[in-house]
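Data first, discussion second: the structure below is written as structure tokens.
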Amino acid sequence: MQAQLIRFNFWLDPVFDEIIDANPAIDQTVCEFGAIEQSWAVMARAHAYHICAARDEVPTQWQVTDTLLDKAPNLLCVSSSGAGFDPIDVAACTKRGVIVVNQSGCNANSVAEHAIGLLLSVKHRIAESDRVMRAARYTTREDLMGRDITGLTIGIVGVGNIGRRVAQLARAFDMRVLGYDPYVEPAELVRRGVEPVSLDELLQNSDVVTLHCPRNDETLGLFDADRFAQMRQGAVFISTARGGIHDETALAKALENGHLAGAGLDVWTVEPPAADNPLLTMNNVVATYHTAGVTHEARRNAARMGAQQLCDLFASGNQPPRLINPDAWPLFQQRYAQTFG
């Protein structure tokens, strides 16, 4: 019996289809978001759903909710196309024995490089200088005088695959590296290249704070006005994590009143952000469109990892390496055995 895989026609590196199509154990159907009736028919018989990781790129009805799961009774696995899994209600999946997997680590290099790039652009005023040149608004070079990052203290919130890579890159600039991650033991944090500290200590002692934590119930709204007030006067805030972890209004106020010196932002509460978002009017904010993990190398890694994980799962029924909800595994095993023997 073939495993039925559904995905929609969002952009994927071709290696995904190459691996899946070469596997006779999996029958893949690629649907269009607008083909409602045909897509629901495919979803109803699907055993696996490979979904775009960016929530704002997935229409609401195709996000994994109780409603979708009701219409997909055979679904065994939801596979995110990237490290994030915002369009997936993990708790709803767990209740039904549907496992959720992601491609954690696929874009660690690209996101870490992007975070350091944002920091350099803010501190050296690279984007600001570019805007001046394009508009021919020249004054003196000293009007665009920046600052070195060498010797600064950087605080990393979330020291997983990306956070530890940021730590490596920061040390190349002779930065002191602090790290906060409540799910990693202090000894392991040291092995990952950071000095373990509390979140309060990190905010009070860092010249740069960079976020690399997941968006969940614990981190949603974590950086509010009080958190920004805790940060050092003149510090820089960087986020390549997920929109909603930081309060954009509070950040704009902290920048406007001069408490923070700048920000580099790749993620937004609504993506893309509205054209009149106050953060987009500030010269000391460098803004990118959730592109930190969108490099050719990262997208190929994600596609290859995702396809191989699905192939291995339906070849063996063994626990996948990037399982998000291990509590679902016992019920999944029962359902898998009932379906595939």
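The values are calculated or read from the model by the stated rules, or taken from the named source; none is laboratory data. These figures come from a predicted structure and were not determined experimentally. Quick reminder, even Gly has a Cβ in these numbers, built from the backbone with ideal geometry, and neighbours come from all protein chains shown. Heavy atoms of the whole protein, side chains included, go into the accessibility calculation; ligands, DNA and RNA do not. Shrake-Rupley method; radii C 1.70, N 1.55, O 1.52, S 1.80 Å.
In segment 159-174, the qualifying residues are those that are farther than 17 Å from Ser239 by Cα and either in contact (Cβ under 8 Å) with a residue 24 or more places away in the chain or not in a helix (DSSP H, G or I) (or both), and the one that is most open to solvent (accessible area, probe 1.4 Å) is Asp174. Residues in segment 1-18 that are open to solvent by less than 40 Å² (accessible area, probe 1.4 Å) and under 21 Å from Gly82 (Cβ atoms): 9 in all. Filtering segment 131-151 to residues that are more than 22 Å from Gly234 (Cβ to Cβ) and either assigned to a loop (DSSP other than H, G, I, E, B) or modelled with pLDDT of 95 or more (or both) leaves Ala136, Arg137, Tyr138, Thr139, Thr140.
Set side by side, the residues Gly262, Gly258 differ, and just one is open to solvent by less than 30 Å² (accessible area, probe 1.4 Å) and modelled with pLDDT of 95 or more, which is Gly262. All of (1) assigned to a helix (DSSP H, G or I); (2) closer than 27 Å to Asp217 by Cα hold for Asp86 with one exception: (1).
Which residues, counting only those in segment 66-92, are open to solvent by 50 Å² or more (accessible area, probe 1.4 Å) and at pLDDT 95 or above? The answer is Asp66, Thr67, Asp70, Lys71, Pro73, Asn74, Asp89, Ala91. Being touching a Gly at 6+ places or on another chain (Cβ under 7 Å) and modelled with pLDDT of 95 or more is the filter; apply it to segment 286-333 and report the residue that is farthest from Arg125 (Cα to Cα). In this case the residue turns out to be Leu331.
Residue-wise test of (1) without any contact (Cβ under 8 Å) to a residue 40 or more places away in the chain; (2) not in a loop (DSSP other than H, G, I, E, B).
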| residue | (1), (2) |
| --- | --- |
| Gly262 | no, yes |
| Leu279 | yes, yes |
| Gly293 | no, no |
| Arg300 | no, yes |
| Arg304 | no, yes |
| Gln308 | no, yes |
| Leu313 | no, yes |
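Taking the residues in segment 274-298 that are more than 13 Å from the chain's Cα centre (by Cα) and under 28 Å from Ser79 (Cβ atoms) as candidates, determine which candidate is surrounded by the most Cβ atoms within 10 Å (Cβ to Cβ). So the residue we want is Thr288. Selection over segment 2-59 of residues that are in contact with a Phe, Trp or Tyr (Cβ under 6 Å, 6 or more places away or on another chain), assigned to a loop (DSSP other than H, G, I, E, B) and of a type in the set (A, V, I, L, M) gives a count of 1.
Every listed requirement among (1) closer than 21 Å to Val30 by Cα; (2) surrounded by fewer than 19 Cβ atoms within 10 Å (Cβ to Cβ); (3) touching a residue at least 40 places away in the same chain (Cβ under 8 Å) is met by Gly105 save one, (1). Considering (1) within 23 Å of Cys106 (Cα to Cα); (2) open to solvent by 30 Å² or more (accessible area, probe 1.4 Å), the lone condition that Ile156 does not fulfil carries the number (2).
Only residues that are open to solvent by 70 Å² or more (accessible area, probe 1.4 Å) and assigned to a loop (DSSP other than H, G, I, E, B) were counted across segment 175-232, and they come to 9.
Name the residue, out of Asp70, Asp56, Asp86, Asp130, that is farther than 23 Å from Arg335 by Cβ and either in contact with a Ser or Thr (Cβ under 8 Å, 6 or more places away or on another chain) or without any contact (Cβ under 8 Å) to a residue 60 or more places away in the chain (or both). Answer to the check: Asp130.
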